[in-house]
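S.K.: The structure that follows is given in the form of structure tokens.
The values are calculated or read from the model by the stated rules, or taken from the named source; none is laboratory data. Every value quoted in this text rests on a predicted model; they were computed, and no experiment measured them. Glycine also receives a Cβ, built like all others from the backbone with ideal geometry; neighbour counts cover every protein chain displayed. Each accessible area value is taken on the protein alone, full model and side chains, heavy atoms only, with ligands, DNA and RNA left out. Shrake-Rupley method; radii C 1.70, N 1.55, O 1.52, S 1.80 Å.
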Amino acid sequence: MQQDPQFETVWATGTPRSRGADLPSLTVLRKGVGRPVFWVHWATGNVRFVSGLLGAAVTRPVYGFEPRGLRRRDLPLLSVGDMADRYLAELRAAQPEGPYTLVGACSGGPTAYEMAHRLAADGDVIESLTVVNSFRPGTREFGAGLGPADLYDMRLGWLRRLLGAERLLGAEHRAMRRLRDVHQVDLDADEADFFWYQVLWAANAFAQENYDPPPYRGPITLCQLRRHAHRPELSWRDIAPGSETVLFEADASVSVIGDPRFWARLQTQPVTGVPG
């Protein structure tokens, strides 16, 4: 029986960064009026699903950052710092001056945090930094010493258990359908790229696992699940004393993102009349 492809085999199908121009990371999720909301992708890399969760009351423009490698098989970045560099260049092109509004869900939280830290260090004003169901930056969720290949194997193991399958090769259609149901791939994602998407997850997880966060003195709103409130890794106070936790009666990040109260907190920020 043919086995699922190894990480190295799938990684070898990617295009090195030195070859050709990168696709843009920034994508428009909602047009509007006022200062934009910039949303950082989560571990699977996709962010366009957020557009379907925006309520009618959201009138500010909303942009999303997608990682290198999501829309084309370009080798992904492997550090939060490199992601922050890339996303900040496009953020400043879209909005040259602050105040800035940043959001990150799950593993997007540490990247949004690093972006806010760098903006503040440059003297820019952060209107708000919001994270959803995100561990404290610097948390080792999977254990020390794991490389992208190890994380890829863990991801495939989780998917096999989810599907009750001995292997995923040949079950890509069923796997992609399940992942679309939980917004972990976009509706237009190509099933032929199923294993590539798992490489991308492993790269993003590796970046988060190896991020050493600097302190941040600005305010942060942590939108966490009430059922996880007891977990110490959800408190950011030691590195971000200005963080405030808001608990949601929700079962997953998507439920928080779709909650009108979540968007009401962002929508109430003052606008400047700058079109998105």
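S.K.: Within region 94-124, work out how many residues are surrounded by fewer than 19 Cβ atoms within 10 Å (Cβ to Cβ) and in contact with a Leu (Cβ under 8 Å, 6 or more places away or on another chain).
M.R.: Looking only at that region, the number is 3.
S.K.: Quick test for you: out of Phe206, Phe195, pick the one residue that is farther than 30 Å from Trp236 by Cα, of a type in the set (A, V, I, L, M, F, W, C), outside any loop (DSSP other than H, G, I, E, B) and open to solvent by less than 70 Å² (accessible area, probe 1.4 Å).
M.R.: Just one listed residue meets the conditions, Phe195.
S.K.: Residues in region 10-31 that are surrounded by fewer than 19 Cβ atoms within 10 Å (Cβ to Cβ) and in a loop (DSSP other than H, G, I, E, B): how many?
M.R.: Total meeting the criteria: 13.
S.K.: Going through region 155-169 one residue at a time, which ones are within 16 Å of Tyr197 (Cα to Cα), open to solvent by 30 Å² or more (accessible area, probe 1.4 Å) and free of Cβ contacts under 8 Å to residues at least 40 places away in the same chain?
M.R.: Correct list: Trp158, Arg160.
S.K.: Which ones in region 1-34 are modelled with pLDDT of 90 or more and of a type in the set (D, E, K, R)?
M.R.: Matches in region 1-34: Asp4, Glu8, Arg30, Lys31.
S.K.: Among the candidates Glu127, Glu172, Glu166, single out the residue that is more than 18 Å from the chain's Cα centre (by Cα) and closer than 24 Å to Val62 by Cβ.
M.R.: The match here is Glu127.
S.K.: Which of the residues belonging to region 33-43 are at negative phi and open to solvent by less than 40 Å² (accessible area, probe 1.4 Å)?
M.R.: Result: Arg35, Pro36, Val37, Phe38, Trp39, Val40, His41, Trp42, Ala43.
S.K.: Residue pairs, Cβ under 9 Å, 6 or more apart or interchain, first in region 231-252 and under 11 Å from Pro215 (Cα atoms) and surrounded by 14 or more Cβ atoms within 10 Å (Cβ to Cβ), second among the basic types (Lys, Arg) and at pLDDT 90 or above. List them.
M.R.: Trp236/Arg136; Ile239/Arg136; Ala240/Arg136; Ala240/Arg217
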